[in-house]
1. Scan 22, 33 and give me the residue that is surrounded by 14 or more Cβ atoms within 10 Å (Cβ to Cβ) and in contact with a strand residue (DSSP E or B) (Cβ under 7 Å, 6 or more places away or on another chain).
2. Hey, among 302, 281, which residue is surrounded by fewer than 13 Cβ atoms within 10 Å (Cβ to Cβ), at pLDDT 90 or above and part of a loop (DSSP other than H, G, I, E, B)?
3. Would you point out which residue out of 322, 326 is closer than 17 Å to residue 233 by Cβ and touching a helix residue (DSSP H, G or I) at 6+ places or on another chain (Cβ under 9 Å)?
4. Given the criterion under 16 Å from residue 98 (Cα atoms) and surrounded by fewer than 16 Cβ atoms within 10 Å (Cβ to Cβ), identify the matching residue among 42, 72, 67.
5. Does residue 522 meet the test of being loosely packed, with under 14 Cβ neighbours inside 10 Å and closer than 23 Å to residue 79 by Cβ?
6. Please count how many residues of segment 324-350 are farther than 13 Å from residue 266 by Cα, modelled with pLDDT of 95 or more and part of a loop (DSSP other than H, G, I, E, B).
7. Restricting attention to segment 26-49, report how many residues are out of contact with any helix residue (DSSP H, G or I) (no Cβ under 9 Å at 6 or more places or on another chain) and outside any helix (DSSP H, G or I).
8. With (1) surrounded by fewer than 16 Cβ atoms within 10 Å (Cβ to Cβ); (2) part of a loop (DSSP other than H, G, I, E, B) as the list, and residue 126 as the residue in question, which single condition is left unmet?
């Protein structure tokens, strides 16, 4: 937390107000100092401003060294986000370089009042802002719980008559405490309406704490998940207006370093709803129109009533129009449209990061597109969706097989493609090479394809489904309590997962501390000798 007063500074300030060390109501200034420090951010807008600076610093570090990419997991509750950050801090000693991804798919599927919905922007807009708010409440509570533990340690040391050196060491840990609050990349879908609707929603997400907004170039009222068919893109000038709407929202709220991720779905989107008006050759509209599938107008194929005519390469043509009124792009033009989208989004839309939605996780394909973008915008950077929609095992094994066949290492008859998912290939040379490439994937794509941020959109959706399936099969089957203890509790204890002490995790000790602050000896506390959480002390 930047520019936060130290313990000593806050205590000195409190002593100026209360020279006797207590307020008229008998509240200790030490308690006041503790609560001020535990309240790690005044508002969530303050979080957005500070985390935008964090992201900008991370982007600069990545520009200097492409091994310094950042990562996130998609979380659909505050608790998921909290446990992710606690795990990273426990493992690395810091959460730097770790973000939270807020997936519109998971909001639609799990966080709206209309049930489980597909990723088609049918969920309430308010659910997105509410989840950002919830995530930051949970991350700030993790701060409170951890800092309360440090202050309890300080109080116990004082009561035991510890030396000043011991007290100073605990105070140093309080002053250098690293918050659990990290940047959120928030999915605003296609903006949930026109550019003004996009701006209004963007403001709510930013006020909830989002320092980074991700928006896609699909038609808002025909939005599809990026990994499904039927995607319809908007003309580039329409999308640029939405990028500007997001920027204005950041600027209005004083989040000057706010980050915008411009996502293009053009690689898999073969349709458009609008044919934009061109003002002349080479403008955005003409560059969009040129990819439309058209038919030449002739005596045998005349222009009919209600049809549109376009001048193209000196000939009069009509765009192919489907029964639903949508226009179709020519097959095989997705890559070219992606490259043009990305360049326009960076140079005209002011986007900071790109997102190219792909149908397979292939480093060579993505790097090929990015290198062409970098010919125009050398510092272009991406956020990449390491999506659970990909069958990673099958894709990587296919890539290894194709490479080995091309190199003459194996024949076409070896490792039959139809059987590549078989477990019998797990310990083969091909299976091991595919897994090695899987482990290197984020390093490779960040080094070769300009990927600054690697995320998995839906991991907590799949993790919850899998974990509940595992527990349910055992608990409702033969293993009963052994299923819970062996698959969850024992592993929690041995892995040092703090949530094993679930009362402490949700603030029971925090509540005891506050009761002591206001009630002293009269405090009715939960953390006495009869608290069963004591069974989890000093176990490993």
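1. Values: 33 fails: in contact with a strand residue (DSSP E or B) (Cβ under 7 Å, 6 or more places away or on another chain).
Only one candidate qualifies: 22.
2. Numbers: 281 fails: at pLDDT 90 or above.
The conditions single out 302.
3. 326 is the lone residue from the list that is closer than 17 Å to residue 233 by Cβ and touching a helix residue (DSSP H, G or I) at 6+ places or on another chain (Cβ under 9 Å).
4. Working: 42 fails: under 16 Å from residue 98 (Cα atoms); 72 fails: surrounded by fewer than 16 Cβ atoms within 10 Å (Cβ to Cβ).
That would be 67, the only listed residue that is under 16 Å from residue 98 (Cα atoms) and surrounded by fewer than 16 Cβ atoms within 10 Å (Cβ to Cβ).
5. Values: loosely packed, with under 14 Cβ neighbours inside 10 Å: yes; closer than 23 Å to residue 79 by Cβ: no.
No: the conditions fail for residue 522.
6. Qualifying residue count for the region: 3.
7. Pass one, segment 26-49, residues out of contact with any helix residue (DSSP H, G or I) (no Cβ under 9 Å at 6 or more places or on another chain): 42, 46, 49.
Of the ones still in play, those that are also outside any helix (DSSP H, G or I) are 42.
Counting residues in segment 26-49 that are out of contact with any helix residue (DSSP H, G or I) (no Cβ under 9 Å at 6 or more places or on another chain) and outside any helix (DSSP H, G or I) gives 1.
8. Single failed check for residue 126: (2).
The values are calculated or read from the model by the stated rules, or taken from the named source; none is laboratory data. Just so we're clear, the structure is a prediction, and the values are computed from it rather than from any experiment. Please note: Cβ atoms are built from the backbone with ideal geometry, for glycine as well, and neighbour counts cover all protein chains shown.
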